[in-house]
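A.B. asks: Below is the structure I would like to discuss, written out as structure tokens.
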Amino acid sequence: MRTMTSKAAQPAKVQAGPETSGSPAGGPASRRGGKKSSMGVQNLAGWLFSTPFLVLFLVFMAFPILATLVMSFTDFGLRNVTHPLDANFIGLENYVNLFSDDKFLKSLFNTAYFVVIGVPLTIFLGLVVAVLLNNGIDRARTFFRVGFYAPVVTTIVAVAVVWRFVLDPSDGLIAGLLSEVGLTSPDFLGSETLAMPSLIVMAVWRNLGTVMVLFIAGLQAIPTEVREAARLDGAGMWQEFKGITVPLLRPTLLYATVITTIGYLNVFEEPFVMTQGDPSDSTLTVSLNMYREGFNFFHMGYASAMAYVLFVVIMGITALQLRLLKDNTK
Amino acid sequence: MSATNAPGAVSTAPPQKPGDTHTRPSAAKKPRNLKRPLAYVLVSAGLLVMSAPFLWMALSAFKTQTELTASPPVWIPTDWTLENFRNLLDKLDLPLYFMNSVIVAVLVTLSNLVFCSMLGYALAKLKFAGRNKIFGLVLGALMVPGNLMLLPLFVLMSKLHLIDSYAGLVLPFAAGAFGVFLMRQFMQSIPDELLEAARMDGAGEWYIFWRIVMPLVKPALATLSIFTFLGSWNNFVWPLIATNDPDKYTLPVALATFATDPNKAGGSNGMLMAGSLLVVLPVVVLFIALQRHFTQGIATAGMK
């Protein structure tokens, strides 16, 4: 098999090949000749290697994404699960209805609330832990890192079981701690004002580890010399943090913020397992709303429209974040 | 478990900065001595808060009913009991759900290892028309929220009669974009000369992929296995949708159904704590054993 790529750097090898085509080595013309045969093989191989993924991708991802879009313009309901083609095209009706649907507007607000409080909290605490672990701790680093990361790898159902008891107003963990100092615990998950903050705390607890690991990797990529130079110049800890750590950490900060925001905009599991959207829809997020409309009431067309509104919002916010945070570096 | 010692595993921790103390003892040592104890105190306090729910769960699993509902709450049980575990195993067929979860997670992991590596290899090392477009597709797929696909996926699986089947649980996760991205990143670091030499010797691409490239990226394969396995093990939403028959429930779905059914768990916090502990324990042990691969994988994805 004569496979030579465009690697002009290796004319010697090419010449050594017994089956090399007539004009090896050197010039652009001959290179194109050699490239052609190898391109043929690599082209075929490339596509063959891509096929399994592409097939799965097309059937189980691309098709559903497009189907959601199509469904969002129909009255797709329960009976269409068996007869999808019988659904009626109703144009933009679902989308129009969404924006006069108080429940949907409330779920949008709740999701925004979750993101606006949850993302900065997660990023800030993740950064603090990462900086402390990276600069102040030299022993038992792994132990601490594992400890902070453990909630990330824990099944949401187990997390929910534990947190229900942590937050239980009669015999929960927090109730117990409060009773030690003579206070009674509020009913965290039963209160319209406290339910969402409780879920945010839970989400921060669950996701802090991911952000922390990202920041640790980012911190370790900062060359030691840069820090030393700053210290030699008499920079204090805070100056060093502000002048060196933060600017050099900006790519990581950007990435962590974007993925956390996307994750939180999609928040579903916490309210689903903890509150089911209660009390009075105060923890009903867009994803949970979509799930309920789709799988409990089988308003699948309507739910699809919801999914697409959320998707567009996510795309918009991600683009905005990339722009804002990137421009700052220039 | 030997994967932890995989020879090529790149440590996320670069050489510790010896310079700090060596070159400028006076300048660097002083503030350090002051800030270190403070850092330990802060981090330890944080860790205590983070692990309190876990400790609470683990300890509660061994409490008696009186201690579970005691007020003020009892932290350390005085009468350690296995009652909760016994009751749980009587009421919930945990071995069945455990096996379901293992089967699904193993199949998902294996298929990701093969398919993501194949595409990763093509994207990193083969020059073919459309390569950039496919890579763009992979990057795009990374951004799409999973919830966007749930409804048609459910309809599709119903039409294919794959609801309540392992295939229905596995196929939507059989090849993920994250895996492709990860494998491509690692495979790019393999020198082209090595592959060229093999091609010169008449090796086909399939041979090169299996015999040369795959053994060289073992650490990346370990990383991908852990992520995929845990992702599948902890997956909740899709198994919840794709199974109606309790015999096909995965562990999280079975536990969630059990927890919300008043006839079964009926107020027995102890049983639920025991169940959660049994679901979490294998994962946490696996994670602790292989944690270096986790951090490495996240770092790779984050650094791009």
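The values are calculated or read from the model by the stated rules, or taken from the named source; none is laboratory data. Predicted model, so just to flag it, every value in this text is computed and none were measured. Note that we place each Cβ from the backbone using ideal geometry, even for glycine, and neighbour counts take in every protein chain shown. Each accessible area value is taken on the protein alone, full model and side chains, heavy atoms only, with ligands, DNA and RNA left out. Shrake-Rupley method; radii C 1.70, N 1.55, O 1.52, S 1.80 Å.
A.B. asks: So how many residues does segment B:139-194 have that are at the interface with another protein chain (Cβ under 10 Å from one of its Cβ atoms) and under 15 Å from B:ASN112 (Cβ atoms)?
C.D. replies: 11
A.B. asks: Can you tell me which of B:LEU153, B:LEU162 is part of a helix (DSSP H, G or I) and among the hydrophobic types (A, V, I, L, M, F, W, C)?
C.D. replies: B:LEU153
A.B. asks: Of the numbered conditions (1) touching a Gly at 6+ places or on another chain (Cβ under 9 Å); (2) within 10 Å of chain B (Cβ to nearest Cβ), A:SER185 fails exactly one; give the number of that condition.
C.D. replies: Condition (2) is where A:SER185 drops out.
A.B. asks: On to the next question. What are the residues in segment A:205-229 that are hydrophobic (A, V, I, L, M, F, W, C) and surrounded by fewer than 23 Cβ atoms within 10 Å (Cβ to Cβ), if any?
C.D. replies: Once the filter is applied, which keeps residues that are hydrophobic (A, V, I, L, M, F, W, C) and surrounded by fewer than 23 Cβ atoms within 10 Å (Cβ to Cβ), segment A:205-229 yields A:TRP205, A:ALA217, A:LEU219, A:ALA221, A:ILE222, A:VAL226, A:ALA229.
A.B. asks: Within segment A:175-182, is even one residue at positive phi and surrounded by fewer than 21 Cβ atoms within 10 Å (Cβ to Cβ)?
C.D. replies: Yes.
A.B. asks: Something else: Could you say whether any residue in segment B:211-222 is assigned to a helix (DSSP H, G or I), within 30 Å of A:TYR291 (Cβ to Cβ) and of a type in the set (Val, Ile, Thr)?
C.D. replies: No: segment B:211-222 contains no residue that is assigned to a helix (DSSP H, G or I), within 30 Å of A:TYR291 (Cβ to Cβ) and of a type in the set (Val, Ile, Thr).
A.B. asks: In addition: For segment B:198-211, does any single residue satisfy the condition of being open to solvent by less than 20 Å² (accessible area, probe 1.4 Å), more than 8 Å from every other protein chain (Cβ to nearest Cβ) and in contact (Cβ under 8 Å) with a residue 24 or more places away in the chain?
C.D. replies: no
Yes or no, residue by residue, for (1) touching a Leu at 6+ places or on another chain (Cβ under 6 Å); (2) open to solvent by 80 Å² or more (accessible area, probe 1.4 Å):
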position	(1), (2)
A:GLN42	yes, no
A:GLY46	yes, no
A:PHE57	no, no
A:LEU92	no, yes
A:VAL96	no, yes
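A.B. asks: Does A:GLY172 satisfy the condition of being under 29 Å from B:THR250 (Cα atoms) and either open to solvent by 10 Å² or more (accessible area, probe 1.4 Å) or more than 28 Å from the chain's Cα centre (by Cα) (or both)?
C.D. replies: When the stated conditions are applied, A:GLY172 passes them.
A.B. asks: Quick check: is even one residue across segment B:157-178 β-branched (Val, Ile, Thr), surrounded by fewer than 23 Cβ atoms within 10 Å (Cβ to Cβ) and without any contact (Cβ under 8 Å) to a residue 60 or more places away in the chain?
C.D. replies: Scanning segment B:157-178, I find no residue that is β-branched (Val, Ile, Thr), surrounded by fewer than 23 Cβ atoms within 10 Å (Cβ to Cβ) and without any contact (Cβ under 8 Å) to a residue 60 or more places away in the chain, so the answer is no.
A.B. asks: Does at least one position in segment A:154-172 carry a residue that is touching an Asp or Glu at 6+ places or on another chain (Cβ under 8 Å), more than 7 Å from chain B (Cβ to nearest Cβ) and at pLDDT below 85?
C.D. replies: yes
A.B. asks: Which residues, counting only those in segment A:145-161, are over 19 Å from A:ASP278 (Cα atoms) and in contact with a Pro (Cβ under 6 Å, 6 or more places away or on another chain)?
C.D. replies: A:THR155
A.B. asks: Scan segment B:69-76 and give yes if some residue there is among the β-branched types (Val, Ile, Thr), open to solvent by 20 Å² or more (accessible area, probe 1.4 Å) and in contact with an Asp or Glu (Cβ under 7 Å, 6 or more places away or on another chain), otherwise no.
C.D. replies: Scanning segment B:69-76, I find at least one residue that is among the β-branched types (Val, Ile, Thr), open to solvent by 20 Å² or more (accessible area, probe 1.4 Å) and in contact with an Asp or Glu (Cβ under 7 Å, 6 or more places away or on another chain), so the answer is yes.
A.B. asks: Let me ask something else about it. I'm trying to understand the selection: among the residues of segment B:124-138, which are buried (at least 18 other Cβ atoms within 10 Å of the Cβ) and within 8 Å of chain A (Cβ to nearest Cβ)?
C.D. replies: B:LEU126, B:PHE128, B:ARG131, B:ILE134, B:LEU137
A.B. asks: Sort out for me the helices (runs of 4 or more DSSP H) sitting completely within segment A:206-323 that have 1 or more residues that are more than 11 Å from chain B (Cβ to nearest Cβ) and farther than 30 Å from B:PRO252 by Cα.
C.D. replies: Where helices (runs of 4 or more DSSP H) fall fully within segment A:206-323 and carry at least 1 residues being more than 11 Å from chain B (Cβ to nearest Cβ) and farther than 30 Å from B:PRO252 by Cα, they are A:224-232, A:237-240, A:250-265.
A.B. asks: Being open to solvent by 50 Å² or more (accessible area, probe 1.4 Å), assigned to a helix (DSSP H, G or I), more than 9 Å from chain B (Cβ to nearest Cβ) and hydrophobic (A, V, I, L, M, F, W, C) narrows it down to one of A:PHE109, A:PHE114, A:PHE143, so name that one.
C.D. replies: The unique qualifying residue is A:PHE109.
A.B. asks: Also, quick follow-up: Which one of these is at pLDDT 85 or above and of a type in the set (Ser, Thr, Tyr): A:THR142, A:THR224, A:THR193, A:THR184?
C.D. replies: A:THR193
A.B. asks: For segment B:92-101, indicate whether the set of residues that are free of Cβ contacts under 8 Å to residues at least 60 places away in the same chain and either within 11 Å of chain A (Cβ to nearest Cβ) or under 30 Å from B:ASP192 (Cα atoms) (or both) is non-empty.
C.D. replies: No.
A.B. asks: What number of residues within segment B:76-106 satisfy the criterion of being part of a loop (DSSP other than H, G, I, E, B) and under 22 Å from B:THR260 (Cβ atoms)?
C.D. replies: Residues flagged as part of a loop (DSSP other than H, G, I, E, B) and under 22 Å from B:THR260 (Cβ atoms) within segment B:76-106 amount to 2.
A.B. asks: Follow-up question, since we're still on this one. Taking the stated definitions as given, is B:LEU48 assigned to a helix (DSSP H, G or I), under 30 Å from A:THR122 (Cβ atoms), modelled with pLDDT of 60 or more and open to solvent by 40 Å² or more (accessible area, probe 1.4 Å)?
C.D. replies: Answer is yes for this residue.
A.B. asks: For segment A:148-169, name all the residues that are in a helix (DSSP H, G or I), open to solvent by 20 Å² or more (accessible area, probe 1.4 Å) and free of Cβ contacts under 8 Å to residues at least 40 places away in the same chain.
C.D. replies: A:PHE165
A.B. asks: Right, another one. Output yes when any residue across segment B:59-75 is in a loop (DSSP other than H, G, I, E, B), of a type outside the set (Phe, Trp, Tyr), closer than 19 Å to A:VAL157 by Cβ and touching a residue at least 24 places away in the same chain (Cβ under 8 Å), and no when none is.
C.D. replies: Yes, because at least one residue in segment B:59-75 is in a loop (DSSP other than H, G, I, E, B), of a type outside the set (Phe, Trp, Tyr), closer than 19 Å to A:VAL157 by Cβ and touching a residue at least 24 places away in the same chain (Cβ under 8 Å).
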